[in-house]
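Novice: Got a structure for you, written out below as structure tokens; questions coming shortly.
The values are calculated or read from the model by the stated rules, or taken from the named source; none is laboratory data. Predicted, not measured: the structure shown is a model, and the values here were computed from it. Virtual Cβ from ideal backbone geometry, glycine too; neighbours counted across all protein chains shown. Remember, those area values only see protein heavy atoms, side chains included, never the ligands or the DNA or RNA. Shrake-Rupley method; radii C 1.70, N 1.55, O 1.52, S 1.80 Å.
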Amino acid sequence: LAAYRARKDTPGFDLASFVDEHFVPEREPFSNYVSPPQQPLLVHIDGLWDVLTRRPQQHPRYSSLLPLPYAYVVPGGRFRELYYWDSHFTMLGLAESGRPHLMRAMAGNFAYLIDTYGHVPNGNRTYYLSRSQPPVFAMMVDLFARYGVIRRSLDYLPQLRKEYAYWMAGADTLRPGEAHRSCVHLGDGTLLNRYWDERDTPREEAYLEDVLTARQSTRPAREVYRDLRAGAASGWDFSSRWLDDAQQLASIRTTALLPVDLNSFLFKLETQIARLSAMGGDIETSRHFQRKADERAQAIGRVMWDERAGAFFDFDWQRGRLCTALTAATVTPLYVGLASREQARRIARTVRQRLLSAGGIATTEIDSDQQWDHPNGWAPLQWLAKRGFDQYDETALAQDISDRWLKTVGKLYERKNKLIEKYSLIPMQAGAVGGGGGEYPLQDGFGWTNGVTRRLLRDSPRHSANQSRAQKP
């Protein structure tokens with residue numbers, strides 16, 4: 001940096017030559033992992049964890065990687081770092097593959113990140129520090145306890161409270177109609193949350209793409225950059241869900257929306273803090289957070305439930321109205337247990353009629369160039385739906401979603417000998433081709449596909465996907 005500043009204004013300075021002189025381009029790690037012919041899908045997944053594991057001592061010097069104390073699992077392909085919400089779904093597979101040591105290591109890493117930075121960054125890169133991702137650490141703690149990889153859930157209470165403080169920063173001083181960072185105070189006094197990023201510049205990992213997107217908008221470029229970054233924080237990067245015009249990424253308005261899934265995850269965080277506080281004997285704190293959770297559940301029901309459509313929707317707080325686009329996020333209140341039995345019954349009917357596809361539950365009903373849209377299907381959404389419907393005794397639909405997804409993954413594995421990031425769910429393509437759209441090519445790997453599929457294979461031992469075999473190259 002000192003050399004650049006000293007030379008950048010000198011006659012004949014060439015930036016490309018300077019970069020070539022001082023930097024080494026990162027290359028995608030080479031993997032020679034190939035499924036032997038006839039290797040079952042389940043064995044393929046179990047063998048992939050070593051390929052996807054990274055260790056702190058392997059971190060390159062002078063890199064943008066944030067150091068972590070323990071080993072961790074990456075998604076694969078271009079994603080060479082730890083990602084926050086991906087890891088929860090990856091852990092489902094680690095548990096089934098008999099890798100408690102990796103789960104324990106990742107528990108330590110997430111606690112370390114919260115202790116060090118006050119939140120879990122989008123991923124362990126310096127340029128991800130300005131945002132988080134869907135807050136699922138509270139659900140991770142349940143998973144750690146269920147599989148006995150930690151001694152006491154109570155030990156993670158300090159980190160849970162610190163993460164909650166990050167998401168609620170500034171809430172206490174907001175007046176009705178105001179917003180600050182992740183918090184929005186509606187005109188009627190309701191307090192809910194949105195996705196947010198501290199920076200309003202192009203994303204470092206997609207700089208050119210963001211500059212070109214902002215040029216297509218009549219809004220100030222910094223507003224577009226902020227909404228693109230907040231869209232990345234949502235994990236749904238990108239989707240018509242965040243767009244005014246489903247075919248124009250430049251119309252993105254992520255920070256104007258209160259997402260139903262984010263607020264459901266924060267409800268889970270509040271109830272987890274309440275539960276663990278009671279376990280530790282702090283009854284006053286437990287009651288305080290249970291009251292917060294109750295208020296949030298009531299607000300979600302009041303603000304985000306559409307009785308006529310029979311589903312939960314995001315809320316546009318800037319325009320004061322419910323969004324009309326149905327997305328798979330509608331199942332999240334079921335997953336965390338805040339919906340009523342009647343709401344669950346209505347959502348089940350809506351999902352059957354509008355989102356259930358040949359290959360699983362669709363992300364949205366809208367076809368676009370964005371990857372978090374129809375006809376693409378994503379492993380985490382299948383798990384949220386399957387588990388959510390199971391918890392409300394909508395078991396037939398839950399099993400149907402699982403069966404369709406396993407068939408999709410199994411069919412493509414038989415053709416391509418691999419698992420991938422996203423799948424096409426439409427008839428004739430389900431299991432035949434991968435999903436499309438988005439900013440980058442389809443990625444192999446793939447952490448959360450492996451994790452969710454591994455768990456579903458355990459739950460459905462008679463499904464044909466258990467007999468799926470790799471073919472000869």
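Novice: Fully extended, how many nm does the chain gain between Thr116 and Glu204 (0.36 nm per residue separation, minus their Cα-Cα distance)?
Specialist: Going from the current span to full extension adds 29.5 nm.
Novice: Compute the relative contact order of region 104-229 as a whole-number percentage, counting only Cα pairs closer than 8 Å that sit 6 or more residues apart in sequence.
Specialist: 17 percent.
Novice: First compute the accessible area of the chain with a 1.4 Å probe, then give the percent of it belonging to carbon and sulfur atoms.
Specialist: Here carbon and sulfur together make up 49 percent of the probe-accessible area.
Novice: Taking 7 Å along the Cα-to-C-beta vector as the label spot, tell me the Asp14-His101 distance in nanometres, rounded to one decimal.
Specialist: 5.1
Novice: Once amide H atoms are built 1.01 Å from N in the peptide plane, which residues 5 or more positions from Leu66, or in another chain, come under 5 Å H to H?
Specialist: Amide H neighbours of Leu66, under 5 Å, 5+ apart: Arg125, Thr126.
Novice: Next question, about the same structure. So, R0 is 60 Å and r is the distance between the beta-carbons of Asp459 and Tyr4; what FRET efficiency does that work out to, to 0.05? Could you put the intermediate results ahead of the total?
Specialist: Working: r = 55 Å, r/R0 = 0.91.
That pair, Asp459 with Tyr4, gives E of 0.65.
Novice: Right, something else. Under a point spin-label approximation (7 Å from Cα along Cα-to-Cβ), what is the His22-Arg146 distance to one decimal in nm?
Specialist: My value for the distance between the label points is 4.9 nm.
Novice: So with the 1.4 Å probe, I'd like the accessible area per residue for region 399-452, rounded to whole Å².
Specialist: Per residue, region 399-452 has an accessible area of 35 Å².
Novice: A further question follows. With contacts defined as alpha carbon pairs under 8 Å and 6 or more residues apart, what's the relative contact order of region 258-304 in percent?
Specialist: The normalised contact order for region 258-304 reaches 42 percent.
Novice: Where does each of Glu421, Glu365 land when they are ordered by accessible area, with a 1.4 Å probe and the largest first?
Specialist: Glu365, Glu421
Novice: Considering region 185-260, what Rg and Dmax in Å follow from its alpha-carbon atoms?
Specialist: Expressed in Å, the Cα Rg and Dmax of region 185-260 come to 12.4, 41.
Novice: For Cα pairs less than 8 Å apart in space and 6+ apart in sequence, what is the mean separation divided by the residue count of region 306-358, i.e. the relative contact order in percent? Walk me through the numbers on the way to the answer.
Specialist: Values: 37 pairs, mean separation 18.6, N = 53.
Once divided by the residue count of region 306-358, the mean separation gives 35 percent.
Novice: I've got another one for you. I'd like the accessible area for Glu295, computed on protein heavy atoms only with a 1.4 Å probe and all protein chains in place. Round to 10 Å², please.
Specialist: We get 100 Å² for Glu295.
Novice: Evaluate the distance, in nm, between pseudo-label points positioned 7 Å from the Cα of Arg308 and of Arg341 along their respective Cα→Cβ axes.
Specialist: Here the answer is 2.9 nm between the modelled labels.
Novice: Dividing the alpha-carbon Rg of region 48-162 by 2.2 N^0.38 Å yields what?
Specialist: Taking the Cα Rg and dividing by 2.2 N^0.38 Å, one obtains 0.99.
Novice: Got a number for the accessible area of Val43? Probe 1.4 Å, square angstrom, nearest 10.
Specialist: 70
Novice: In whole Hz, what ³J(HN,Hα) sequence does region 325-334 give by Karplus (6.51, -1.76, 1.60; θ = phi - 60°), x for Gly and Pro?
Specialist: Running phi through 6.51 cos²θ - 1.76 cosθ + 1.60 with θ = phi - 60° gives 7, 7, 9, 5, 4, 4, 7, 4, x, 5 Hz.
Novice: Between Ala165 and Tyr33, what is the FRET efficiency for a Förster distance of 51 Å, r being their Cβ-Cβ separation, to the nearest 0.05?
Specialist: Details: r = 41 Å, r/R0 = 0.81.
Rounded to the nearest 0.05, the efficiency is 0.80.
Novice: Roughly how far apart, in whole Å, are the Cα centres of region 267-332 and region 106-158?
Specialist: 21
Novice: So if each residue of separation counts as 0.36 nm, and I subtract the Cα-Cα distance between Asp369 and Glu414, what length gain in nm does that give? Don't jump to the answer; show the numbers that get you there.
Specialist: Values: separation 45, 0.36 × 45 = 16.20 nm, distance 2.74 nm.
So the extension gain works out to 13.5 nm.
Novice: Of Ala16, Phe313, Leu397, which is farthest on the positive side of the dipole of the chain, counting Cα position, with +1 on Lys and Arg Cβ, -1 on Asp and Glu Cβ, and the Cα centre as origin?
Specialist: Leu397
Novice: Report the full-extension gain for the segment His59 to Gln318: residue separation times 0.36 nm, less the Cα-Cα distance, to one decimal in nm.
Specialist: Value of the extension gain: 88.9 nm.
Novice: Lysines near Lys292 by alpha-carbon distance under 23 Å, same-chain residues fewer than 8 away left out - which ones?
Specialist: Cα-Cα hits under 23 Å: Lys162, Lys268.
Novice: Quick query: amide H of Leu419 versus all other amide H atoms, modeled in the peptide plane; which residues come in under 5 Å with a sequence gap of 5 or more or a different chain?
Specialist: Gly445, Phe446
Novice: List the equivalent ellipsoid semi-axes of the chain in whole Å, largest first, each obtained as the square root of 5λ for an eigenvalue λ of the Cα gyration tensor. Let's see the in-between values first.
Specialist: Working: eigenvalues 192, 178, 121 Å².
With the √(5λ) rule applied to the chain, the semi-axes are 31, 30, 25 Å.
Novice: Need one value: the accessible area of Ile252 in square angstrom, 1.4 angstrom probe, rounded to the nearest 10.
Specialist: 0
Novice: Enter the accessible area per residue of region 124-191 (Å², integer; probe 1.4 Å; all protein chains in place).
Specialist: With all protein chains present, region 124-191 gives 41 Å² per residue.
Novice: A further question on this structure: Name the long-range amide H neighbours of Leu258: under 5 Å, sequence gap of 5 or more, or other chain; modelled H, no Pro or chain starts.
Specialist: So Leu258 has HN proximity to Phe315, Asp316, Trp317.
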